[in-house]
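The block underneath contains the structure these notes are about, expressed in structure tokens.
The values are calculated or read from the model by the stated rules, or taken from the named source; none is laboratory data. Since this is a predicted model, take the numbers as computed values, not measurements. Glycine gets a Cβ as well: all are built from the backbone with ideal geometry, and neighbour counts include every protein chain shown.
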Amino acid sequence: MTETLQQILKYRFKDESLLRKAITHGSINSDVQGNYERLEFLGDRVLGVATASLLYRLFPKEPEGSLSQRFVGLVCKETVAEVAKTLQLDKFMKVGNDELRSNENVLCDVCEAVIGAIYIDAGVDAAIEFVNHHWRELIDKNVAPPKDNKTKLQELTHHLKLGTPRYKIVGRSGSEHRPLFEVEVVIGDDRKALGSGTSKKLAEFAAAAAMLEMLK
């Protein structure tokens, strides 16, 4: 099984136990050394650095704001889960319940764990090369930087003369490793919407998306 997966990943592990761990969900092995959680923690950070480096080199004339919009779109849960499906990780991962194979959070985590496993197996250059290869097509499909929901909301409220959206953190839960922020966006005196995410920025985007739905 790992042989086929390595062919799909276009990366051959020196230590195949790292790959087996990266695709093992906690429902199969709750031991911290036996599932993907620690590798996912590492892979999440490596993905961020690799993506930021790739964008910095590919778009030398773009300002920070545009690069940030691209970055958020490439490392968000939905995009990473899409890459996971392209790599067929949903078929290979070891889970206690088959419903988890279609869970975006799990797909995202496993994909990041694979990146972390490559980093441990061969170092940062190999991990960055993996990200460059499998994320490059997503960048090529989106020539212009995508407008994030905060930008869309600000443009809409300006058009409707509703004032500038205001954001504030109203809650935080979860662990240090996986925090969950809750953000409220307010327009005028009475329009409010909530959003949550694993960072303040992602929570703001989610709140903006909820407000856009309300304004429709």
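Which members of the range 1-60 meet the condition of being touching an Asp or Glu at 6+ places or on another chain (Cβ under 8 Å), touching a residue at least 24 places away in the same chain (Cβ under 8 Å) and part of a loop (DSSP other than H, G, I, E, B)? Hits for the range 1-60 are Phe13, Lys14, Asp15, Tyr36. Residues of the range 88-97 include at least one that is of a type in the set (S, T, N, Q), in contact with a Leu (Cβ under 9 Å, 6 or more places away or on another chain), more than 15 Å from Leu39 (Cβ to Cβ) and surrounded by fewer than 18 Cβ atoms within 10 Å (Cβ to Cβ). No other residue among Glu112, Glu137 is at pLDDT below 90 and under 24 Å from Lys85 (Cα atoms) apart from Glu137.
Of the residues making up the range 167-174, not a single one is within 19 Å of the chain's Cα centre (by Cα), within 20 Å of Val75 (Cβ to Cβ) and buried (at least 19 other Cβ atoms within 10 Å of the Cβ). Applying the criterion of being surrounded by fewer than 23 Cβ atoms within 10 Å (Cβ to Cβ) and among the small types (Gly, Ala, Ser) to the residues of the range 32-49, the residue that is farthest from Val83 (Cα to Cα) is Gly34. Looking at the structure I just gave you, is Gly116 of a type outside the set (A, V, I, L, M), more than 15 Å from the chain's Cα centre (by Cα) and either under 30 Å from Glu16 (Cα atoms) or surrounded by 14 or more Cβ atoms within 10 Å (Cβ to Cβ) (or both)? Judged against the criteria, Gly116 is not a match.
Screening the candidates Ala203, Ala193, Ala209 for the property of being in a strand (DSSP E or B), at pLDDT 85 or above and not polar (S, T, N, Q) yields one hit, Ala193.
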